[in-house]
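Notes for the one structure printed next.
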Amino acid sequence: MEDLIKRLEGYKEDIVEIKRPKERRIFVRVKADGFKKFLSRLIDDLELRHLSTITGVDLGQEMELLYHFSYKYSVEISIGVKVPKSAPKVPTITDLIPGAIFYEQEIHDLLGIEFEGHPNMGPLILPEGWPEGVYPLRKEYTVQELNRIARGGG
Amino acid sequence: MSYGSTIKVPFGPQHPALKEPEYFLFEVDGDIVVKVTPRIGYVHRGVEKAFEQETYLHNLYLAERICGICSHAHTTCYTQTVEGLIPLEVPPRAVYIRLIMAELERLHSHSLWVGIAAHEAGFDTLFMYLWRDREMIMDLMEEISGNRVTHAINTIGGVRRDITNEQANKIKKFMDRFEGNVKEYMKVLETEQTFLKRTKGVGILKPRDAISLCAVGPTLRASGIKSDVRADDPYLAYGEIPFNVITHDGCDVYARTIVRCEEMIESANIIRYALDHLPEGKIRVPPPRTIAPNESVGRVEAPRGELIHYARSNGTAKPERYKVRAPTLGNLASVCQTLIGAHVADIPMILAGIDPCFSCMDRMTITVKKA
């Protein structure tokens, strides 16, 4: 753990914040500029092979992506990066971690974040005929409204 | 042989070989699968959005209902995540009771799966034996918790029911019998030609692919990778209990079967050990109603593999965001890879190989399709 934190601190020009709430849990916030480059260096450096999942969070003006990597299947390192809601775009990491394919596709469906370079940004989860531009997990959609849309109310 | 051109075969969402609705588009060249495109979401219930609408206590019941088989794994992960947000220390006796239930659940889930694998291979006698044993495990779980499926034993801050000495003895007695039965079934599985022909060399997932496609659970371990959340990231009391992480280097459906069978024997040992070392004391502490802004990640080894929950609190009694990633979604990328190059006739066997739980995998958005 200590060693891991030290190695992460080596990336201080990319990292905004490191938190360590309990054993085997690390949260790292990084800058959006050069995110892909940073991630690819980190993946090589720490040999991060297992991506547990990606979480998307709607923060209002911005959206945050949390990449939950599992270091040696043991320490869960969550790497957070923010994207503006007006232009939610981030490069895909499927070239680095092929297992990210459905996680990115799912977030695109539900939060409308574009993963540039992803092999298939088509729908994965939403039903056929779901109106374009309606992203259910965004905060502006209430459950009542989503129910109305799901029943065909557009 | 190659036919030079391919045809597209839709598979599901309603299909006799699928126990739950999901859609896969197969591109086949003659009898060989060359491409797979999944389309999931046919059993979506909007769980993640629903989590944001209700209180932490209410959400416990929602988490219980994400899956109909590993409901206890989801509440174990939910309580771990929410207790991490507070943070709250759980009494040791409650920790052990959670663990005993988790292992009983693994037993019933794995015996369900081995039964289904036997059934898919056309060996229904074994299916019947395993499901008979599974029934008895569910009876035990009902005796402890009051419920067969949604056990509702976990609560934030502990468990709702205690295990009595009488119950403990009953469980231990059954574990001895069950272990003997599993060993017997393994002998059958290892020698029965019908089963071997349908599973050996079928659905190969190379270790390299298993790692890069982020496979989890028995699927990953059957490709020779020693990874188990219980051992790698010990939660509950797994750090105090000796057990082996089972792996197999067969990389096929047969290996996945053997891994699950041997895991059942390990689970029986864990349960016996936990019952012998059950700490005394209270079983729950009261949690606060509201939770200050924080975030937390919970990880659990569900019967199907690594289960991960992420929560973010905002100072109210309801979470700001709650994310669930069930093991089946984690295995979707690897199973799509495994299906490429397979015979059409092996599709059900390979799909069954990851022990898919589609209602776990689909949980995400509001798709109330009432027309």
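Pairs meeting the criteria (first residue in region A:110-134 and at the interface with another protein chain (Cβ under 10 Å from one of its Cβ atoms) and farther than 18 Å from A:ARG148 by Cβ, second residue among the small types (Gly, Ala, Ser) and assigned to a loop (DSSP other than H, G, I, E, B), beta carbons under 8 Å, at least 6 apart or on different chains) are A:LEU124/B:GLY41; A:ILE125/B:GLY41.
So which of A:SER74, A:SER86, A:SER70, A:SER52 ends up being facing another protein chain (nearest Cβ under 9 Å), among the polar types (S, T, N, Q) and surrounded by fewer than 22 Cβ atoms within 10 Å (Cβ to Cβ)?
Values: A:SER86 fails: facing another protein chain (nearest Cβ under 9 Å); A:SER70 fails: surrounded by fewer than 22 Cβ atoms within 10 Å (Cβ to Cβ); A:SER52 fails: surrounded by fewer than 22 Cβ atoms within 10 Å (Cβ to Cβ).
Only one candidate qualifies: A:SER74.
B:ARG312 - would you say it is surrounded by fewer than 24 Cβ atoms within 10 Å (Cβ to Cβ) and either part of a strand (DSSP E or B) or within 12 Å of chain A (Cβ to nearest Cβ) (or both)?
Details: surrounded by fewer than 24 Cβ atoms within 10 Å (Cβ to Cβ): yes; either part of a strand (DSSP E or B) or within 12 Å of chain A (Cβ to nearest Cβ) (or both): yes.
Here the answer is yes, as B:ARG312 does meet what is asked.
When region B:1-32 is limited to residues that are aliphatic (A, V, I, L, M) and out of contact with any Gly (no Cβ under 7 Å at 6 or more places or on another chain), the one that is surrounded by the most Cβ atoms within 10 Å (Cβ to Cβ) turns out to be B:VAL28. Per the conditions (1) in contact with a strand residue (DSSP E or B) (Cβ under 8 Å, 6 or more places away or on another chain); (2) away from chain B (no Cβ under 14 Å), the sole criterion not satisfied by A:ILE26 is (2). For region B:187-203, indicate whether the set of residues that are closer than 30 Å to A:LEU96 by Cα, touching a helix residue (DSSP H, G or I) at 6+ places or on another chain (Cβ under 9 Å) and surrounded by fewer than 16 Cβ atoms within 10 Å (Cβ to Cβ) is non-empty. Yes, region B:187-203 has at least one match.
In this structure, B:VAL159 does satisfy being at pLDDT 95 or above, touching a helix residue (DSSP H, G or I) at 6+ places or on another chain (Cβ under 8 Å) and of a type outside the set (Lys, Arg). Cβ-Cβ contacts under 6 Å between residues 6 or more apart (or on different chains), taken from a first residue in region B:231-254 that is more than 18 Å from B:SER334 (Cβ to Cβ) to a second residue that is in a loop (DSSP other than H, G, I, E, B), are listed as B:ALA231/B:VAL245; B:ASP232/A:TYR73; B:ASP232/A:SER74; B:ASP233/A:ARG24; B:ASP233/A:SER74; B:VAL245/B:LYS226; B:VAL245/B:ASP228. List the number of the failed condition for B:GLU48; all other conditions in (1) within 20 Å of B:ALA342 (Cβ to Cβ); (2) touching a strand residue (DSSP E or B) at 6+ places or on another chain (Cβ under 7 Å) hold. Condition (1) is where B:GLU48 drops out.
Within region B:45-57, how many residues turn out to be within 14 Å of chain A (Cβ to nearest Cβ) and either of a type outside the set (A, V, I, L, M) or more than 23 Å from the chain's Cα centre (by Cα) (or both)?
Quick first cut of region B:45-57, residues within 14 Å of chain A (Cβ to nearest Cβ) only: B:45-54.
The next check asks that each one be either of a type outside the set (A, V, I, L, M) or more than 23 Å from the chain's Cα centre (by Cα) (or both); those that pass are B:45-46, B:48-49, B:51-54.
Number of matching residues: 8.
Let me confirm something: among B:GLY305, B:GLY353, which residue is more than 11 Å from chain A (Cβ to nearest Cβ), under 29 Å from B:ILE225 (Cβ atoms) and at pLDDT below 95?
The conditions single out B:GLY353.
Somewhere in region B:259-276, is a residue in a loop (DSSP other than H, G, I, E, B) and of a type outside the set (A, V, I, L, M)? Checked region B:259-276: no residue is in a loop (DSSP other than H, G, I, E, B) and of a type outside the set (A, V, I, L, M).
Between B:GLU83, B:GLU22, B:GLU89, which is at pLDDT below 90 and within 14 Å of chain A (Cβ to nearest Cβ)?
Details: B:GLU83 fails: at pLDDT below 90; B:GLU89 fails: at pLDDT below 90.
Answer to the selection: B:GLU22.
Does any residue of region B:119-134 turn out to be in contact with a His (Cβ under 7 Å, 6 or more places away or on another chain) and outside any loop (DSSP other than H, G, I, E, B)? Yes - at least one qualifying residue is present in region B:119-134.
One residue stands out in region A:39-49 among those that are more than 7 Å from chain B (Cβ to nearest Cβ) and under 21 Å from A:ILE101 (Cβ atoms): the one that is surrounded by the most Cβ atoms within 10 Å (Cβ to Cβ), namely A:LEU42.
When you scan region B:315-337, how many residues do you find that are assigned to a loop (DSSP other than H, G, I, E, B) and either facing chain A (nearest Cβ under 9 Å) or farther than 20 Å from B:ARG39 by Cα (or both)? Full working, then the answer.
Of region B:315-337, the ones assigned to a loop (DSSP other than H, G, I, E, B) are B:315-318, B:326.
Then drop every residue that is not either facing chain A (nearest Cβ under 9 Å) or farther than 20 Å from B:ARG39 by Cα (or both), which leaves B:315-318.
Adding up the residues that qualify gives 4.
Considering region B:210-245, and only residues there that are assigned to a helix (DSSP H, G or I) and touching a Lys or Arg at 6+ places or on another chain (Cβ under 6 Å), the residue that is farthest from B:TYR273 (Cα to Cα) turns out to be B:ILE211. Select from region A:17-31 the residues that are of a type outside the set (Lys, Arg) and surrounded by 13 or more Cβ atoms within 10 Å (Cβ to Cβ) and write down the one among them that is farthest from B:ALA231 (Cα to Cα). Here the residue is A:VAL30.
Taking B:ILE265, is it buried (at least 24 other Cβ atoms within 10 Å of the Cβ), at negative phi and modelled with pLDDT of 95 or more? Lay out the reasoning, then the answer.
Numbers: buried (at least 24 other Cβ atoms within 10 Å of the Cβ): no; at negative phi: yes; modelled with pLDDT of 95 or more: yes.
Taking the combined requirement at face value, the residue does not satisfy it.
Against the criterion of being surrounded by fewer than 17 Cβ atoms within 10 Å (Cβ to Cβ) and not aromatic (Phe, Trp, Tyr), A:PRO131 qualifies.
State whether the residues of region B:182-197 include one that is aliphatic (A, V, I, L, M) and either within 30 Å of B:GLY298 (Cα to Cα) or assigned to a loop (DSSP other than H, G, I, E, B) (or both).
We begin by selecting, within region B:182-197, every residue aliphatic (A, V, I, L, M); these are B:182, B:186, B:188-189, B:196.
Right, trim to either within 30 Å of B:GLY298 (Cα to Cα) or assigned to a loop (DSSP other than H, G, I, E, B) (or both) and you get none.
No - not one qualifying residue is present in region B:182-197.
Please work out if B:CYS77 is within 27 Å of B:TRP113 (Cβ to Cβ) and away from chain A (no Cβ under 14 Å).
Details: within 27 Å of B:TRP113 (Cβ to Cβ): yes; away from chain A (no Cβ under 14 Å): no.
Considered against the rule, which asks whether it is within 27 Å of B:TRP113 (Cβ to Cβ) and away from chain A (no Cβ under 14 Å), B:CYS77 comes out as no.
Being out of contact with any Pro (no Cβ under 9 Å at 6 or more places or on another chain) and in a helix (DSSP H, G or I) is a condition met by at least one residue of region B:359-371. Taking region B:281-297 as the range and being within 14 Å of chain A (Cβ to nearest Cβ) and either surrounded by fewer than 24 Cβ atoms within 10 Å (Cβ to Cβ) or touching a Leu at 6+ places or on another chain (Cβ under 7 Å) (or both) as the test, the residues that pass are B:ILE291, B:ALA292, B:PRO293, B:ASN294, B:GLU295, B:SER296.
The values are calculated or read from the model by the stated rules, or taken from the named source; none is laboratory data. Being a predicted model, the structure only gives us computed values, none of them experimental. Note that we place each Cβ from the backbone using ideal geometry, even for glycine, and neighbour counts take in every protein chain shown.
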